[in-house]
Every structure is written in structure tokens, then in C-alpha cells.
Amino acid sequence: MVDSAYDSHVRKRIEAREQQLSPFACKSLNSKGRVKPEPPPQIRGEYQRDRDRIIHTNAFRRLKHKTQVFIAPSGDHYVTRLTHTLEVTQIGRTIARALNLNEDLIEAIALGHDLGHTPFGHVGEEALDELSDTGFLHSAQSLRIVERLAKNGEGLNLTWEVREGVLNHSKPRGDFLRPDRKEDITLEAQICRASDAIAYLNHDIGDAIRAGILSVDDLPDEVNTRFGKSHASRINSLVCDIVDASWGATGEASDQVDAEIIMSADGRRLMNVLREFMFENVYMPINRNAESTLAREIMNLLYGHLVENPEQIPNIYFLNEESVDQAVVDYLSGMTDYYAITLAESIRPGISEGLSSRIIPE
């Protein structure tokens, strides 16, 4: 057993290292804290504690069987919501380290940002948004998980900075560095937003090529010229562009400017060109294909059945006196693709014909 003096020494060493970060970085000593005050961790910083709590949730484990873009793909190497999350974390830490910002904070935000995603990716999210009385956003659901649903309804009691980053990671179609961004979100939260876009664009290109939907030469010529044609060169180019343009965040710029996470004008323009290309040529067509239509049918079936039969919802989803609609949303959004398909099959046998056989059970 580690004694308290040793505990304090380790934690203070971690906190002292944080003081060497950029003056614009979030340090755990300056955290706005937790809703329920807790004694400090023994041998970790506050954001390390948050990271570990997220990793040990059931919601995090379920990400391995949740769709990223391609529903029920036939190959083994398509991206899942879990591998996407790990890629966002890796890119975010690279940017944070280069800008001398808090890697522990960006890691915790990135690992928790997609906990609230539905089965069947954005198709499932759109379906649930239409079905629910109050609408649905996966970013808000991710926050709900860490605040109210995890740990059998206790929540994780995360720091304000991690919860804020999780809530504000989403980006609308169009300019992913939109000018109406909240000015009070931390630089680490801004990094998560940018890293999320970099990760999903690049691995979705890889999956689309793998699926035969497009080839690298189909990408806009100016994008291939500026960012390169390989997965590695695109990510490296985008990350370096952000680091160069955001150098003021380090606190080391001779002509100090406001600290924010930005891109060069040309890099930002081409990033948005690439995003729009992917919406038009990959995301929207997939959104209308047979698998997506079937996924919506499954979501509709499950929602209607559970609203009519709330006794089939586990009691954990009623611990905080939620309405039936909210309990259904919480239960349904937390399902993996396979679990949702299995439950739908028990209600209407044959509904997933041609789809469930291609999903590996947990």
C-alpha cells in the first residue's frame, strides 16, 4: 500500500509538470472542479482520473460494436466507433504536445466524446432525433452518460473541463471551425473538435476506398496536391497546419496573439472542400442505401415497442425518475448494433435479413 506522503509527492510532481505547460493550457490545479467535491487523487492528476473513469465504463466498451459510417461491413478492417475514438485521442495528443497544452485533458475529452453515439452511426442518431419527444444529439447524450447514467446511475463526477469538452465537440456540416464557436471553450476542447474532423475524414476516405465507393484520385485535385494522397500524409499535413497556425497557443510567439486553435486560410478552405466532398459522395449516399434504410426501420421498431412496453426497459434507466421517452432514448442509444438487431429480431423475426449475419456478436 502506498503511504500518503508518497501519494502527495507523486501528485505534486504531476501538478508541477503542468505548470511548465503553456500559460493558456488548462492545469488541473486551476480546474473549476467537480459537482461533488472529492479528495485529490493519490498518484494521478485530476484529468488522468477522469480519463480512467471513462475507459472503465460499459459505454466505452460498447463502442467496439457501434457503427462509424459503414453499417454491417463485410470486412474486418472497417473503422468502428471505438477505433475512431482512439484515432481522435492520438491526433489530439499530438497537437496538444506540439502546442504545449494539456495532453491529459485532451485525452479525457477525446475518449469520452462519442460515448453517447447510437447504434448504426449517424443514421441511428437521425432516426432517434426524429422519434424522441425532445430530439437527440450524441454530444448531449455523451454528457448525459458521464453525468447521470454511468456507474448505475451515479455518473462519473468528471471535472468541468472534461464535461465541457465532451458537450462541445460536435461540428455542423459546413465550416468545421465555425465562427460562432463558443469563445469560452478551452483550447483542449477546441483541439478535440479539430482532431475529430481530421480523424473521421481520413479513416472514412480509407473505408470508402476499401468499399469501392471511390478511389484516392476521385478526391479534389487541390486537396490531393495540398495534403497528399496517402492517409499518413493527409493527417500529417492537417495536423502541421493546425500547429503552425495555432502557435500563439504555446505562449512562445514573439508577437503574442490571442490563443485559439485555428488553421491557415488555405488549409481551412481545403479542409472544408474535403468535408463537403465526403458529404456529397460518401455520407449522403450511404445515408440513403439499403442498409441505412433497414437501420432506420430497426430503430423505429425498437422505439415504438419500448414506448409501448416500458417494463422491458432495465430499471437502471428509471433511477432518476426519467420519463418513458427519456428511458427509451437512454436504453436504445446505448445499444450496440448487434444488440439492437438481436432485440429487433425477437420482436419481428426476419427484419434484419441480410444484415445481422454480417455483424459479429459480442
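The values are calculated or read from the model by the stated rules, or taken from the named source; none is laboratory data. What you are looking at is a predicted structure, and each value in this text was computed from that prediction instead of being measured. Cβ sites come from the backbone with ideal geometry, for glycine too, and all protein chains shown count toward neighbours.
The set of residues in region 36-60 being under 21 Å from Arg144 (Cβ atoms) and surrounded by 15 or more Cβ atoms within 10 Å (Cβ to Cβ) consists of Tyr47, Arg49, Asp50, Arg51, Arg53, Ile54, Thr57, Ala59, Phe60.
Taken as a whole, the structure places Arg234 among residues that are under 23 Å from the mean Cα position of the chain (by Cα) and free of Cβ contacts under 8 Å to residues at least 40 places away in the same chain.
Asn287 meets the conditions (1) farther than 30 Å from Ser352 by Cβ; (2) at pLDDT below 95; (3) not β-branched (Val, Ile, Thr) in every case but one. The failed one is (1). Of all the listed residues (Arg97, Arg93), the sole one being without any contact (Cβ under 8 Å) to a residue 12 or more places away in the chain, in contact with a helix residue (DSSP H, G or I) (Cβ under 7 Å, 6 or more places away or on another chain) and either assigned to a helix (DSSP H, G or I) or polar (S, T, N, Q) (or both) is Arg97. The helices (runs of 4 or more DSSP H) falling completely within region 245-356 that include 1 or more residues that are under 30 Å from Leu187 (Cβ atoms) map to 265-278, 324-333. Remark: pairs (first residue in region 134-160, over 15 Å from Lys36 (Cα atoms); second residue surrounded by 18 or more Cβ atoms within 10 Å (Cβ to Cβ) and among the aromatic types (Phe, Trp, Tyr); Cβ separation under 8 Å; 6+ apart in sequence or on different chains) = Leu149/Tyr317.
The set of residues in region 143-185 being modelled with pLDDT under 95, of a type in the set (S, T, N, Q) and part of a loop (DSSP other than H, G, I, E, B) consists of Asn168, Ser170. Hey, any hits in region 57-71 for a residue that's more than 30 Å from Glu291 (Cβ to Cβ) and within 27 Å of the chain's Cα centre (by Cα)? Within region 57-71 (the criterion being more than 30 Å from Glu291 (Cβ to Cβ) and within 27 Å of the chain's Cα centre (by Cα)), the answer is no, since none of the residues qualifies.
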